[in-house]
Amino acid sequence: MDARFTRGKSAVLERALGRPRSELSLAAFALLFSELVQYCQRRVASVAELQARLALLGRHVGLRALDALVARERPGRRDTKVLGVLLFVKGPLWRALFGREADKLEQANDDERTFYVIEREPLVNTFVSVPRENSSLNCAAFAAGLLEAALGAAGFPARVSAHWHKGTTLMIKFDEAVIARDKSLEGR
Amino acid sequence: MSRQGGRGTESKKMNSELFTLTYGALVTQLCKDYENDEDVNKQLDKMGYNIGVRLIEDFLARSSVGRCHDFRETADVIAKIAFKMYLGITPSITNWSPGGDEFSLILENNPLVDFVELPDNHSTLIYSNLLCGVLRGALEMVQMAVDVKFVQDTLKGDSVTEIRMKFIRRIEDNLPAGEE
């Protein structure tokens with residue numbers, strides 16, 4: 001058997017899918033996140049690369065957060081409409097990960113593929129101050145990667161990027177196929 | 001890259017899933033970046049040290065613990081106050097050495113390793129090594145040089161996670177006040 005796989009040493013998969021048992025302080029996460037950002041910073045040469053690295057880490061989190069969450073919050077049902085999955089993201093997903101819902105969910109006026117999730121003060125950015133020379137850096141790139149992976153795993157492939165706008169805006173751009181599928185579902 | 005959020009001394013809580021998953025993402029990334037487990041362990045320890053150095057300030061600001069008079073008091077504070085504050089767990093203290101300079105922290109459940117399994121080709125990886133660095137860094141800032149290591153690990157099949165802490169010496173020199 002491939003050495004990458006474990007031989008079922010622990011009973012992790014048999015555990016009940018209950019709520020996480022412990023609550024820890026925001027400071028612990030903030031310190032870990034800051035160390036993570038510094039680690040990425042040491043290995044990259046530009047702000048864009050740093051954001052890409054953060055997004056990669058966020059992707060790792062998002063993939064894994066989705067399954068357990070869907071099983072808890074929406075047992076037996078799956079979101080098939082774009083609006084459904086967006087409301088799921090804004091509400092239960094955000095609440096489970098960050099402790100509160102995202103502030104706003106908006107759709108772009110001119111583009112039906114683009115949506116915005118807006119947060120005045122994202123959790124990952126508490127205690128993060130950005131020096132002037134890197135002012136385009138937004139550590140919510142981590143949240144963007146997270147969202148991208150979660151949407152992709154839910155069957156709604158999209159590109160998500162983080163921007164400084166009304167606080168922090170995560171711009172979600174769904175693939176053409178997703179919107180086409182959504183339209184055909186409505187037609188039914 | 002840090003500023004006070006002005007949230008007062010109330011410790012804001014958050015659920016442990018994001019923390020656990022983020023730590024997992026970090027370790028996975030480290031495993032990809034470094035070729036072998038030893039380097040990953042060292043890097044985790046270093047990062048933990050950096051965190052510990054800052055964590056101690058946050059801890060002293062939020063808890064009203066005064067200076068500890070001996071290692072036993074230190075152990076109590078670490079297990080009952082610090083771990084509870086940051087990770088929401090209370091490890092138990094056992095196995096004091098006869099000289100009173102070594103003890104073990106037994107963690108029944110470790111939030112860092114929720115839902116984690118170690119693959120066979122990373123059997124020498126000390127997954128929670130960050131914790132060792134944190135403890136070492138934090139104690140160094142209060143003038144105590146300690147040696148911290150994992151003796152048992154639930155990820156490797158043991159029933160509990162055991163961290164052994166050994167007091168080496170009191171740091172007499174005044175440490176520099178910080179980069180500012």
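Being in contact with a strand residue (DSSP E or B) (Cβ under 7 Å, 6 or more places away or on another chain) and either surrounded by 16 or more Cβ atoms within 10 Å (Cβ to Cβ) or not in a helix (DSSP H, G or I) (or both) narrows it down to one residue among B:89, B:51, B:78, B:56; which is it? Steps first, answer last, please.
Values: B:51 fails: in contact with a strand residue (DSSP E or B) (Cβ under 7 Å, 6 or more places away or on another chain); B:78 fails: in contact with a strand residue (DSSP E or B) (Cβ under 7 Å, 6 or more places away or on another chain); B:56 fails: in contact with a strand residue (DSSP E or B) (Cβ under 7 Å, 6 or more places away or on another chain).
Of the residues listed, the single one that is in contact with a strand residue (DSSP E or B) (Cβ under 7 Å, 6 or more places away or on another chain) and either surrounded by 16 or more Cβ atoms within 10 Å (Cβ to Cβ) or not in a helix (DSSP H, G or I) (or both) is B:89.
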Exercise for the section: Identify the single condition in (1) open to solvent by 30 Å² or more (accessible area, probe 1.4 Å); (2) within 29 Å of residue A:68 (Cα to Cα); (3) within 14 Å of chain A (Cβ to nearest Cβ) that residue B:161 does not satisfy, given that it satisfies every other one. Expected result: (1)
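The rows are residues; the columns are (1) touching a Cys at 6+ places or on another chain (Cβ under 9 Å); (2) open to solvent by less than 30 Å² (accessible area, probe 1.4 Å); (3) in contact (Cβ under 8 Å) with a residue 60 or more places away in the chain; (4) more than 17 Å from residue B:79 (Cα to Cα).
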{"position": "B:112", "(1), (2), (3), (4)": "no, yes, yes, no"}
{"position": "B:115", "(1), (2), (3), (4)": "no, no, yes, yes"}
{"position": "B:118", "(1), (2), (3), (4)": "no, yes, no, yes"}
{"position": "B:121", "(1), (2), (3), (4)": "no, no, no, yes"}
{"position": "B:127", "(1), (2), (3), (4)": "no, yes, yes, yes"}
{"position": "B:136", "(1), (2), (3), (4)": "no, no, yes, no"}
{"position": "B:146", "(1), (2), (3), (4)": "no, yes, no, no"}
Problem - Complete set of residues in the range A:29-76 that are open to solvent by 30 Å² or more (accessible area, probe 1.4 Å) and within 16 Å of residue A:153 (Cβ to Cβ) - result: A:56, A:59, A:60, A:63, A:64, A:67, A:70, A:71, A:72, A:73, A:74
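Quick grid of which residues meet (1) more than 9 Å from every other protein chain (Cβ to nearest Cβ); (2) at pLDDT below 65:
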residue	(1), (2)
A:16	yes, no
A:19	no, yes
A:24	no, no
A:31	no, no
A:34	no, no
A:37	no, no
A:42	yes, no
A:52	yes, no
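Conditions (1) in contact (Cβ under 8 Å) with a residue 60 or more places away in the chain; (2) out of contact with any Asp or Glu (no Cβ under 7 Å at 6 or more places or on another chain); (3) under 21 Å from residue B:142 (Cα atoms); (4) open to solvent by less than 20 Å² (accessible area, probe 1.4 Å), marked per residue:
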position: B:39; (1), (2), (3), (4): no, yes, no, no
position: B:42; (1), (2), (3), (4): no, yes, no, no
position: B:66; (1), (2), (3), (4): no, yes, yes, no
position: B:85; (1), (2), (3), (4): yes, yes, yes, no
Exercise for the section: Assess whether residue A:143 counts as being at pLDDT 90 or above and surrounded by 18 or more Cβ atoms within 10 Å (Cβ to Cβ). Expected result: no
Fill in the blank from the handout: The helices (runs of 4 or more DSSP H) lying wholly within the range A:46-146 that contain at least 1 residues that are in contact (Cβ under 8 Å) with a residue 24 or more places away in the chain and over 24 Å from residue A:26 (Cβ atoms) are A:47-73, A:82-88
Exercise for the section: Look at residue B:106 and say whether it is part of a strand (DSSP E or B) and either open to solvent by less than 50 Å² (accessible area, probe 1.4 Å) or touching a residue at least 24 places away in the same chain (Cβ under 8 Å) (or both). Expected result: yes
Practice task
Look at the range B:15-24 and say how many of its residues are under 13 Å from residue A:57 (Cα atoms), of a type outside the set (Ser, Thr, Tyr) and either in contact (Cβ under 8 Å) with a residue 40 or more places away in the chain or in contact with a Lys or Arg (Cβ under 8 Å, 6 or more places away or on another chain) (or both).
Solution key: 3
Problem - Search result, residues across the range B:13-23 that are in a helix (DSSP H, G or I) and within 7 Å of chain A (Cβ to nearest Cβ) - result: B:16, B:17, B:18, B:19, B:21, B:22, B:23
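The values are calculated or read from the model by the stated rules, or taken from the named source; none is laboratory data. Because the structure is predicted, anything quoted here is derived from the model rather than measured. For neighbour counting, all protein chains shown are included, and Cβ atoms are generated from backbone atoms with ideal geometry for every residue, glycine included. Ligands, DNA and RNA are stripped out before the accessible areas are found, and what is left, the full protein with its side chains, is counted by its heavy atoms. Shrake-Rupley method; radii C 1.70, N 1.55, O 1.52, S 1.80 Å.
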